[in-house]
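Peer 1: Structure provided below as structure tokens; questions to follow.
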Amino acid sequence: MSDRTEQRLTHLEDVLEINQLFVDYGMHLDAGRFEEYSQLFATEGEMSLGPLGTATGRAAIRDTMAASLAPYVGKTFHLITNPMVSIDGDSATSEVMWTMIQTAEDGRPEVAMLGRHRDRLVREDGAWRIASRKGYIDVPSTYPTGG
């Protein structure tokens, strides 16, 4: 295999692993698996998610999310879409859109919120992790929005 082909294959594998990180993020969050959720972050990862709070380190991220979201487990679902990833060696930047769906009073699904996450990612111990995640809420506009 040529060096160029090997570089392209490595890049594709990295993009796929990072995209899986985003899928796992939504799945763990919605299932209330906050310990597994926190493991998606780097050891000293940082999270800033507006009204949900900020936290540094896996234990603090786990505890912040559990305290904020435990009452909503099974009642809301996140769709993670439109990933944009830029990789530079063992670090990367990304932006994804997220949509939170909840059940309306009449039992039908409705969009509760919509926003974006902007991330710095690192390869830590051979796996891609979120080093820093900053969340923005675009809809509804009653929360601070990002720019």
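Where a number appears in this text, it was derived from the coordinates with a stated rule and is not lab data. Worth saying up front: this structure is predicted, and the values here are computed from it rather than measured. With ideal geometry, Cβ positions are generated from the backbone for all residues, glycine too; neighbour counts draw on all protein chains shown.
Peer 1: State to the nearest 20 debye the size of the charge dipole of the chain about its Cα centre, where the only charges are +1 on K and R beta carbons and -1 on D and E beta carbons.
Peer 2: Once rounded to the nearest 20, the dipole reads 300 debye.
Peer 1: List the residues, sorted by chain then number, that are 5 or more residues from residue 113 or on another chain and whose placed amide H is less than 5 Å from its amide H.
Peer 2: 100
Peer 1: Need one number: % antiparallel among DSSP beta bridges in the range 3-139, to the nearest 5.
Peer 2: Counting DSSP beta bridges with both partners in the range 3-139, the antiparallel share is about 90 percent.
Peer 1: Helix-only mean residue ellipticity at 222 nm, the chain, DSSP H runs n ≥ 4 weighted -39,500 (n - 2.57), per residue, nearest 500. What is it?
Peer 2: Helix-only estimate at 222 nm: -10500 deg cm²/dmol.
Peer 1: When the distances between all Cα atoms of the range 3-139 are binned every 10 Å from zero, what whole-number percent does each bin get?
Peer 2: In whole percents, the pair-distance histogram is 12, 43, 31, 11, 3, 0.
Peer 1: Just how far, in whole angstrom, is the range 1-38 from the range 71-112 if you go by their alpha carbon centroids?
Peer 2: Each part reduced to its Cα centre gives a spacing of 15 Å.
Peer 1: Which ³J(HN,Hα) values in Hz, rounded to whole numbers, follow from the phi angles of the range 104-116 under the Karplus curve 6.51 cos²θ - 1.76 cosθ + 1.60, where θ = phi - 60° and Gly and Pro get x?
Peer 2: Working through the residues one at a time gives 6, 4, 8, x, 7, x, 9, 6, 8, 8, 8, x, 9 Hz.
Peer 1: Now, a different point. Can you give the relative contact order of the chain as a percent, counting alpha carbon pairs under 8 Å and 6+ residues apart?
Peer 2: 21 percent.
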